[in-house]
Amino acid sequence: MIHKVPLSIYIHWPFCTSKCPYCDFNSHIQQNIDHQEWGKSLVSELNYLTRTYFSDNLDKYYLKSIFFGGGTPSLIESSVIKKIIKQCVKKFKNVSLSNESEITLEANPNSLTKSKLLSFRDAGINRISIGAQSFNKKFLEFLGRDHSVYEAKRNIEYAREVFKNVSFDLIYAMPNQTVYEWEKSLKTAFQFEPDHLSLYQLTIEEGTAFNQMYKKGKLFPINNDLASEMYSITENLTQKNKMPAYEVSNYSKEGKSCSHNLNYWEGGEWIGIGPGAVSRFFYKNKRVQLDIRKDPNGWINSVKKNGSGVKNIVSETIEDFWNEKLLMGLRLVKGVNIKPIKRILNMAKVYELIEANYLDLNNDTMKTTFNGRLRLNSILAEIIK
Ligand SMILES: C[S@@+](CC[C@H](N)C(=O)[O-])C[C@H]1O[C@@H](n2cnc3c(N)ncnc32)[C@H](O)[C@@H]1O
Ligand code: SF4
């Protein structure tokens, strides 16, 4: 049997019903969106990319995953989602919509109903990732979310009834949040028996409303010790509930880690379509990064005129690739094989960090320990030559 290479497809939907003050994703508020036209343009861009960079021949690949991200892709009409999935699958000859291809939709509780969830499933979605963010009214308000705790909980319950693979996101380590409050939210999360959880510490991103408040002294991030304590509690409770971490902020039941994100973290290949999407794949024997322009209206005009909104394409050097492998691989609990990348590593520093219990090295597989994951960014800065 010929060994096929995994390929993922990412689709970016850049619209939301409101802008959350912490969010720096490429998301915009816009009225009167012609969903059919947007669907057609996304399909055009997919066709353009596969024609131009793969000569319309994806025979050596299998479709590992499709991921509708955003923005809020749960706002897309399900008939449009269906058409996009159909076109993705069509690209891979001899592949029907196999159960092995994970097809995720990111969903915001404010735009969900049970019938919508059913229509997404009928369109081909087999995994749902709900942005619940918090089960505490006070913190949902702080995060500027346009849904209630009740809506978040109710939609997780509906999703549980409709999908075999349910994930949701929670944000913690927020200003004025106590360890007890976070523990309570986390315990509530397990009551829904999720397959997967993304648990993010709040970060203050450049260009967001929170960043403005922070600069004006109106928002005080939680202190590091408290954030670390919350991270420890998260580690303990997820393990106790048989959903251990497989990545810095991602936890899952056995066999339910997110295939799509794993493909990114393992340095795989993917095609990204829609405003601001990024692709990484091998083209003319070089690994390339292809960027799509970010502004939604400029993007759709570009697709109409040129077939795609490609902004630029750059080849990665082998050092770039190794750097990325390390950066991404150390996020994973299972670690990364450093045999091919030792040249970029300061091995003396690596051994120092092993002694200090931040790293672990076994047969060329390097991993971060729990303490290491707490300070991943500084570790990376120290070990790369
Ligand atoms: C594209 S958004 C999710 C989909 C959907 N738009 C929603 O908000 O429900 C991806 C996730 O990133 C997380 N996120 C975004 N900005 C963050 C920040 N500044 N700090 C921590 N988590 C953040 C949120 O948990 C969010 O659900
Ligand atoms: S709904 Fe999601 S993507 Fe949209 S602004 Fe809020 S966090 Fe960002």
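The values are calculated or read from the model by the stated rules, or taken from the named source; none is laboratory data. Just so it is clear, the structure is predicted and the values come from calculations on it, not from any experiment. Cβ: placed from backbone, ideal geometry, glycine included. Neighbour counts: every protein chain shown.
Key figures
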quantity	calculated
Test: residue in the range 165-178 that is away from ligand 2 (no atom under 16 Å from the Cβ) and within 25 Å of Glu254 (Cβ to Cβ)	yes
Count of the range 249-272 residues which are in a helix (DSSP H, G or I) and under 12 Å from Glu102 (Cα atoms)	5
Selection within the range 140-153 - among the hydrophobic types (A, V, I, L, M, F, W, C) and in contact (Cβ under 8 Å) with a residue 40 or more places away in the chain	Leu143, Ala152
Filter result for Gln201 (within 11 Å of ligand 1 (Cβ to nearest atom) and in the same structural domain as Lys137 (by TED's automatic domain parsing))	yes
Top-ranked residue in the range 191-203 [being touching a Lys or Arg at 6+ places or on another chain (Cβ under 9 Å) and closer than 15 Å to Glu254 by Cα; ranked as surrounded by the fewest Cβ atoms within 10 Å (Cβ to Cβ)]	Glu193
Count of residues meeting criterion [part of a loop (DSSP other than H, G, I, E, B) and without any contact (Cβ under 8 Å) to a residue 24 or more places away in the chain] in the range 304-318	1
Subset of the range 27-59 (residues that are in a loop (DSSP other than H, G, I, E, B) and hydroxyl-bearing (Ser, Thr, Tyr))	Ser27, Ser55
Residue selected from the range 343-385 under the condition under 28 Å from the mean Cα position of the chain (by Cα) and among the basic types (Lys, Arg), by the criterion surrounded by the most Cβ atoms within 10 Å (Cβ to Cβ)	Arg373
The range 101-143, subset of a type outside the set (Ser, Thr, Tyr), in a loop (DSSP other than H, G, I, E, B) and out of contact with any Lys or Arg (no Cβ under 8 Å at 6 or more places or on another chain), residue surrounded by the fewest Cβ atoms within 10 Å (Cβ to Cβ)	Leu143
Selection from the range 144-184 of residues that are outside any helix (DSSP H, G or I) and more than 13 Å from ligand 1 (Cβ to nearest atom)	Ser148, Phe163, Lys164, Asn165, Val166, Asn176, Thr178
Output for the range 320-342, where each listed residue is without any contact (Cβ under 8 Å) to a residue 40 or more places away in the chain and on the phi < 0 side of the Ramachandran plot	Asp320, Trp322, Val336, Asn337, Ile338, Lys339, Pro340, Ile341, Lys342
Residue list for the range 289-303, restricted to those being closer than 21 Å to Lys91 by Cα and in contact (Cβ under 8 Å) with a residue 40 or more places away in the chain	Leu290, Ile292, Val303
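Residue by residue, here is whether (1) touching a residue at least 24 places away in the same chain (Cβ under 8 Å); (2) surrounded by fewer than 16 Cβ atoms within 10 Å (Cβ to Cβ) holds:
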| site | (1), (2) |
| --- | --- |
| His3 | no, yes |
| Trp13 | yes, no |
| Ser18 | yes, yes |
| Tyr22 | yes, no |
| Gly39 | yes, no |
| Glu45 | yes, no |
| Ser55 | no, yes |
| Gly71 | yes, no |
